[in-house]
1. Would you check which residues across the stretch B:340-372 are of a type in the set (D, E, K, R), free of Cβ contacts under 8 Å to residues at least 60 places away in the same chain and more than 25 Å from A:LYS86 (Cβ to Cβ) and list them?
2. Could you figure out which of (1) over 21 Å from the mean Cα position of the chain (by Cα); (2) over 20 Å from A:TYR300 (Cα atoms); (3) among the charged types (D, E, K, R) isn't true of A:GLU437?
3. Before we move on, is B:ILE174 among the β-branched types (Val, Ile, Thr), outside any loop (DSSP other than H, G, I, E, B) and more than 14 Å from every other protein chain (Cβ to nearest Cβ)?
4. Only one residue in A:LYS128, A:LYS132 is at pLDDT below 95, surrounded by 16 or more Cβ atoms within 10 Å (Cβ to Cβ), of a type outside the set (Val, Ile, Thr) and more than 19 Å from A:HIS39 (Cα to Cα), so which one is that?
5. Please count how many residues of the stretch A:146-165 are under 22 Å from the mean Cα position of the chain (by Cα) and surrounded by 21 or more Cβ atoms within 10 Å (Cβ to Cβ).
6. Mind counting the residues in the stretch A:345-386 that are assigned to a helix (DSSP H, G or I) and not acidic (Asp, Glu)?
7. In this structure, does A:GLU109 turn out to be within 14 Å of chain B (Cβ to nearest Cβ), among the acidic types (Asp, Glu) and either over 18 Å from A:ASP10 (Cβ atoms) or part of a loop (DSSP other than H, G, I, E, B) (or both)?
8. Scan the stretch A:46-88 for residues that are facing chain B (nearest Cβ under 8 Å), more than 33 Å from the chain's Cα centre (by Cα) and either at pLDDT 95 or above or in a loop (DSSP other than H, G, I, E, B) (or both) and jot them down.
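The values are calculated or read from the model by the stated rules, or taken from the named source; none is laboratory data. In this text, all values refer to a predicted model and were calculated from it rather than measured experimentally. A quick note on method: Cβ atoms are made from the backbone with ideal geometry, for glycine too, and the neighbour counts reach across all protein chains shown.
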Amino acid sequence: MPNMVNITVDDQKLKAPEGAILLQVLIDNGISVPHFCYHEALGPDGNCRMCMVEIEGQKRPQISCDTRVKKEMVVYTKNESINDLKRSILELELLSHPVDCPICDQAGECSLQDYYMEFGLNESRRPKEEKKLKDKKLDIGKNIILDQERCVLCARCTRFTQEITHTNELAIIGRGNDARVSTLPGQQMHTAYAMNIIDLCPVGALTSKDFRFRQRVWFMHSAPSICHGCAKGCNIHVDHNQEKYKSDTIFRFRPRINKSINGHFICDEGRLSYKQENEERLDDFYHQNRRISQENALSYLLRYLHDENTLFVVSPSLCTEELVIIQKLAERFDIKMNAYHDPYTDPDFGDDWLRSQDRASNLAAVKKLGIPTSKEELLIELGKTKVVVNFDHKALCENNAETQNMLVNKTQIHFVSHLFPECKNHELLLPIASYSEQKGTLINEDGILQKFEAGLCNEKKNLLELLHIINATPETVEQVWDEILAEKFGLAYETISAEGKQL
Amino acid sequence: MITRIVSKNFEIPNSHTLAVAKANGVYESIDKAFTQPSYVIETEIENSGLRGKGGGGAPAGAKWCLATRAQEMDQTSAKSYLVVNADESEPGTFKDRQIMEFDPHLLIEGMMLTCYAIGAHDAYIYIRGEYKFFADRLNKAIQEAYDDGLLGKKVKGFDYRLDITVHRGAGAYICGEKSALIESLEGNRGHPRLKPHKPSPEYYFGAPTLVNNIETIATVPYIVTNGAAAYRQYGTEKSPGTLLFGLSGHINKPGIYEMAFGESMQAFIDTIGGGVKNGKKLKAVIPGGASTPILNAQEVKEARLDYESMKEIGSALGTGGMIIMDEDTCMVSALKNLLSFYHHESCGQCTPCREGTAWVDGIIANILNKKAKADDLELLSDISKTMNGKTICVFAPAVAMVIDGFILRFRDEFEAYIQKSLGEADA
C-alpha cells in the first residue's frame with residue numbers, strides 16, 4: 001500500500017499516495033486541470049504543456065503530469081498566472097487549427113473546445129492566411145479518419161500503437177510546426193484495437209468513419225453496459241438517441257473504464273457490434289408465418305410446455321437472471337435444458353488481451369447454475385424430444401447443415417431478439433429484448449460478476465416479463481435476486497459494485 | 001593568448017594518421033592509466049574542474065560520477081556506455097570537426113580513458129549526418145586503431161575490451177541534445193526526454209550512459225598525462241583550462257583558436273582575429289553559437305571569455321563560437337536568419353516550441369516584408385515569454401533568449417522597420 005500523505009491544492013487539504021502522478025491525483029479528486037497528452041493508460045509524455053501548476057518552492061510552473069506527490073506539497077492550479085499560461089499555450093495550439101467546430105464530430109466532447117471556452121476566448125493574433133495547412137480527411141484504415149489540422153500532436157494515438165498494441169502503425173513525421181501524425185506510406189491501421197485511438201484523441205483529429213456526421217454527442221444518452229461479444233465482459237457505454245419519429249437507436253459503443261477487466265479499451269469488433277442491436281430486429285409474434293398477439297403466442301407456448309417431449313436450448317450469452325428463470329420454468333414443467341457451447345468457441349477471435357475465444361458472454365453463470373453445455377448431452381436429449389424451445393441460441397438460428405440436421409422433424413419455438421432466415425416459418429416465434437434494452441448481470445471468464453443497465457427504451461418485452469406472465473416468476477432483475485440469486489450466490493444485488501465482484 | 005592542449009597536433013602534416021599521431025604523443029597516456037585503478041582517472045578529472053565543452057559548461061567530473069554510481073547502485077544493469085556527442089550543428093560552431101579532421105586519434109585516446117574510468121566497453125560517436133567527410137575520417141582512424149591493437153578485445157594489450165562505433169545522425173539539430181541523441185541512437189525519433197527530477201545519468205537502452213562532447217573527451221588525455229593541477233594552471237578558478245574558440249562572420253582571420261578561459265573578447269577579436277573585416281566598426285557579436293544572446297559593441301569591450309563572466313553580462317559562453325557582425329549588418333535580417341533555422345529545427349514535441357518557433361519566424365518575416373503590425377514587438381515578447389522555461393528541453397528557452405537579446409539591444413532597428421511597414425500601409 002502506498003504511503004498516504006497530506007497535500008494542499010488551491011487551499012483544499014487532500015490525502016494522496018506519496019509518489020503518485022500529481023495530475024492523476026488532481027483528476028481523481030475532481031480538480032479540473034487541462035491536459036492533452038497525459039492519459040491514465042499511457043502515462044505522462046510532457047509534450048502539451050497544458051497541465052502546468054504552481055508548486056510552492058519551485059521557481060517555475062511545473063507540468064503536473066511529470067510531478068510526483070510529495071509530503072506537504074502545496075499546489076496552485078487556478079491562480080491568475082497559471083490561467084495566463086494556459087491561455088497562451090492554447091493560443092499556440094489554436095494557431096493553425098481550422099476552428100471548424102460546427103462540422104466537427106468531436107464538438108461537445110473536445111478538450112480543445114472545452115479549454116478554449118474555459119480559458120481562451122481570445123481573438124486570434126495571427127492572420128488566417130498564415131495558418132499552416134495540413135492534410136484532412138485521411139482514411140487511415142479501420143474506420144478511422146485523420147484530420148491533421150485539428151491535431152494537437154499529443155501523441156496519445158502514436159503511443160497507443162507503440163506501447164499498448166505494439167503494432168507501431170502510427171508515428172509523428174515532420175518537424176516543428178510541420179509535425180503531423182501519419183501512418184507509414186501506403187500502410188494502414190491493422191490492429192484489432194485500432195478504434196481506441198478515436199477515444200484517446202482529445203480533439204477531432206481522429207474520428208470514427210462509422211459515427212461521423214450521424215449524431216451530435218450532446219443529444220445522446222448513455223447507459224453503462226457490458227459488451228456481449230465474448231466472455232471477457234468489457235465494460236461499455238451504450239450511446240443512443242431517439243430522434244423524432246424514429247425508434248431509439250444506438251449510435252456507438254464506447255469503452256467504459258473498468259481497471260479490473262478492460263482498462264480503458266475495447267476491441268473494434270465489440271465496438272462495432274452495436275449495429276446488431278439496431279438491425280434485423282424481430283418485433284412481432286408469429287405462429288406458422290402468421291402474425292399473432294402476445295396473448296395467443298403465450299397460450300400456444302403453454303401448450304408445448306405441457307408436452308412431455310420438449311427441450312430447452314438456451315444461449316450461454318443470456319444474462320444470469322434469464323438463465324435462472326428459464327431454469328425455474330424447466331423445473332416446473334419437468335423439461336431438460338442445454339446451453340450448447342461449441343458454436344460459441346472461436347479460436348481465431350481470441351488473443352491474449354481483451355478478446356476471448358469464448359464468444360459466449362455468460363458461460364461461467366451457465367456452469368454455476370449446473371446447466372449442461374456439451375454437444376453429446378444435447379444430441380441425447382434431442383433424440384428424445386419433438387419440441388425444441390430455443391432461447392436466443394445462435395446455432396439454432398443459423399442456416400448451417402449441422403444444426404439443421406439436428407433439428408430435422410422437430411417442432412421449433414424460438415425466443416429471439418433478431419430475425420434469422422426462414423424464422424417466420426417456424427411453429428412459434430417470440431420477440432424478446434436484446435441486452436442493450438434490459439438490465440442484468442453477467443459472470444465473465446475470470447469469474448467477475450458484473451451488472452449492466454438498460455440502454456434503449458423501446459417497448460419490447462424482455463424474457464423475464466414474458467415468462468412472468470405464464471409462470472408468475474419474478475419479473476425484474478431485482479426481484480430475481482431477492483427471491484433466488486441472493487441466496488444462490490450468497491450476496492445481494494446492491495452489493496455488486498460498478499467494478500464488479502470477484503466470485 | 002593561444003594555448004594548445006587539444007589543438008597541439010592540428011598543424012602537423014598528416015596528423016590524422018596513426019603513425020603521425022603516435023609520433024606526437026597520442027596514446028601515451030594509456031599505459032599509465034590502464035595500470036591504475038579506474039577511479040584514479042575519475043578523481044583526476046573531478047579535480048581538474050574540467051567543464052563540458054558542448055555549450056552547457058557543466059562539470060564533467062560530476063557527470064562521470066553519476067554514470068559510475070548509477071552502475072554500482074543498479075546491479076541489474078551490468079553494462080554502461082559512453083556516447084560522444086559529435087552532432088555539432090549550432091550555427092557559428094565548428095570546433096569539433098577540427099578535432100575529427102586533424103586529430104581523430106586524440107579523441108579515440110580520450111574515449112579509451114573515459115571508458116576505462118566509467119567501466120564502459122562499448123562507446124558510440126554520434127556524428128551529425130552532414131559530417132560525411134569527418135565520419136569517414138573517424139572510421140578510418142578507428143580502423144587503424146583496431147588494426148594496431150589499440151581497440152578491440154584487448155586494449156593495447158590490457159585485459160579490457162573496448163569497441164567504438166560511429167553512428168551518423170539523419171540531420172537534426174535537436175539530436176545534439178543528449179537525451180534526444182540517445183533516443184535517436186536507440187532508433188527512435190529524436191525527441192528530448194523528460195528531465196529526471198534528481199541528478200541522474202542518461203540511459204541508453206536502460207543502461208547508465210555518459211554523454212560528453214568531443215572536445216571534452218579530447219581534453220581527457222592531457223589531464224590524465226599531466227595531472228589536474230597542470231590543467232588548472234590555465235583559465236580561471238571556476239572555468240579552468242582551455243576551449244577551442246571560434247571566429248566567423250565579418251572578421252579578418254576566421255577560424256578556430258584554442259585559448260585559456262578568461263581572455264578578453266575584444267582583445268581576441270582584435271589581435272588573433274585581426275579585427276573586423278574591411279576596417280569597419282564592430283556592431284555585435286553572438287558569443288557562443290547561435291543560441292546565446294547577442295552582445296553589442298559596448299558589451300563586447302567588457303566581455304571576458306569564461307562561463308561566469310559571460311553569464312554576468314547577460315549572455316552565455318556557449319560553445320565559444322563567436323559570430324562577428326560589422327556596423328552594416330541588418331539586425332532584423334540577422335534575427336530572421338536565426339529564426340528560420342530554429343523554425344526548421346524545432347523537433348515539434350512541445351507545443352510552445354513547435355508553434356512558437358514558426359510564429360516568431362513568420363512575424364519577423366512580416367516585419368522584413370513590410371507587412372508588420374504596430375504591436376508586433378509586443379507580440380514577439382509575449383510569445384517568447386510563453387516559450388521560455390515551459391518546454392522539455394532548452395531549445396525554446398534559447399530561442400526566446402535570442403529574440404529577447406536582439407530586441408533588447410537593437411529595438412530601434414526593429415521599430416524603424418515596423419514604422420516603414422505602417423507608413424506604407426497608410427500610403
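1. Hits for the stretch B:340-372 are B:LYS370, B:LYS371.
2. A:GLU437 satisfies all of (1) over 21 Å from the mean Cα position of the chain (by Cα); (2) over 20 Å from A:TYR300 (Cα atoms); (3) among the charged types (D, E, K, R) except (1).
3. no
4. From the options A:LYS128, A:LYS132, the qualifying one is A:LYS132.
5. 4
6. 13
7. no
8. A:ARG60, A:PRO61
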